[in-house]
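> Okay, handing you the structure first.
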Amino acid sequence: MADATFWLANGKTITVELLPEAAPNTCASFVWAVKHHIYDGHQIQRIVPGKWVDLSYDAFGKEEAKYLIPSEFTLHPELKPLPVAAGSICMGGYGDMGLAGCEVFFPLTDQPQLTGTYPVFGRVKSGFDEIKRLGSVPTRPVTDFPYEGVEVNEPIEPQVIERVSLNPADFDLPAPVRMTHGQLPLTWQSNNP
């Protein structure tokens, strides 16, 4: 058993119990991202009040984070998807292009329509109050988002993840299976911060 802790600049923490048995490749991709400091120093980019807190949509502006992974349930059809619900952590995705390699989100409420598409790979052990606070911070709409019909709001005051750590610190999983072909999301092709 392993946990991941998000250390926020305001001194708060969010600790997640990782569930590699529920979504092994997705969890492996998250662990890879933590070990490569993808989340460190990142300002949370997308909040949809009442729905979710989405850490990034531009792969954190880091070239090494711009990779897609196959659908967990195509790789592992024997797995039953956990429900996308408040208190879980999920990997985001781009429809037929695949799942994001590193872009995770916290549902603020149960989202049954997302179950089986966006894999749950962990459960919040502590800090859900902080996730709810993030979900209610003042935001402004992002007007130059390249996909139609997607609600994107950014916090007016930056909400910064200082770092993410693993416990135990030496917890490791195999390298994630990555997609090696296909188009990258439009949001990864821009130079937005």
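What follows is calculated from the coordinates using simple rules that are stated; it is not laboratory data. Because the structure is predicted, anything quoted here is derived from the model rather than measured. No Cβ is skipped: glycine too gets one built from the backbone with ideal geometry, and neighbour counts run over all protein chains shown.
> Per the Debye formula with a single identical scatterer at each Cα and no solvent contribution, what log10 I(q)/I(0) holds for the stretch 118-193 at q = 0.28 Å⁻¹?
-1.30
> Computed FRET efficiency, Cβ-Cβ of T13 and H181, R0 30 Å: what is it to the nearest 0.05?
Numbers: r = 38 Å, r/R0 = 1.28.
For R0 = 30 Å, the calculated efficiency reads 0.20.
> If packing is taken as the mean number of other Cβ atoms within 10 Å per residue, what is the order of 94-100, 5-11, 167-173, highest first?
Top of the packing list down: 94-100, 5-11, 167-173.
> Using Cα springs under 10 Å in a Gaussian network model of the chain, which residue among T115, T26, T74 shows the largest mean-square fluctuation?
Comparing T115, T26, T74 in a Gaussian network model of the chain, the most mobile one is T74.
> Right, here's the next one. Sorted by mean Cβ packing within 10 Å, highest first, what order do the peptides 156-162, 17-23 take?
Details: 156-162: 14.4, 17-23: 19.0.
Ranked by mean Cβ neighbours within 10 Å, highest first: 17-23, 156-162.
> Which of H76, H181, H37 moves the most in a Gaussian network model of the chain with Cα springs under 10 Å?
H181
> I've got another one for you. Just how large is the dipole of the chain about the Cα centre, in debye to the nearest 20, putting +1 at every Lys and Arg Cβ and -1 at every Asp and Glu Cβ?
That gives the chain a dipole magnitude of about 200 debye.
> Among S71, S88, S136, which comes first, then next, by fewest other beta-carbon atoms within 10 Å?
Ordered from fewest to most neighbouring Cβ atoms within 10 Å, S71, S88, S136 come out as S136, S71, S88.
> Collect residues whose amide H, placed 1.01 Å from N in the peptide plane, falls under 5 Å from the amide H of R163; neighbours closer than 5 in sequence don't count.
Hits under the 5 Å cutoff: W7, G41.
> Using a 10 angstrom cutoff on alpha carbons, build the Gaussian network for the chain and name the most mobile of K66, K80, K35.
Sorting by GNM fluctuation, first place goes to K80.
> Picking from P77, N25, F121, whose Cα lies most toward the positive end of the charge dipole for the stretch 3-169 (charges on Cβ: Lys, Arg +1; Asp, Glu -1)?
Most positive-ward Cα: F121.
> Continuing with this model, one more query. May I have the extent of the alpha carbons of the chain along their three principal axes, as whole Å values ordered from largest to smallest?
41, 36, 31
> Same structure again: Fully extended, how many nm does the chain gain between V160 and A85 (0.36 nm per residue separation, minus their Cα-Cα distance)?
Numbers: separation 75, 0.36 × 75 = 27.00 nm, distance 2.36 nm.
Here the segment from V160 to A85 would lengthen by 24.6 nm.
> Spin-label point model (7 Å from Cα, Cβ direction): what's the R140 to F128 distance in nm?
Going from the R140 label point to the F128 one covers 3.3 nm.
> Ordered by residue, what ³J(HN,Hα) values in Hz, to whole numbers, does the stretch 115-128 give under the Karplus form 6.51 cos²θ - 1.76 cosθ + 1.60, where θ = phi - 60° and Gly and Pro are x?
5, x, 9, 10, x, 7, 10, x, 10, 6, 8, 8, x, 5
> Eight or more residues apart or on different chains, and alpha-carbon atoms under 24 Å: count the Lys pairs in the stretch 3-169 matching that.
So the count works out to 11.
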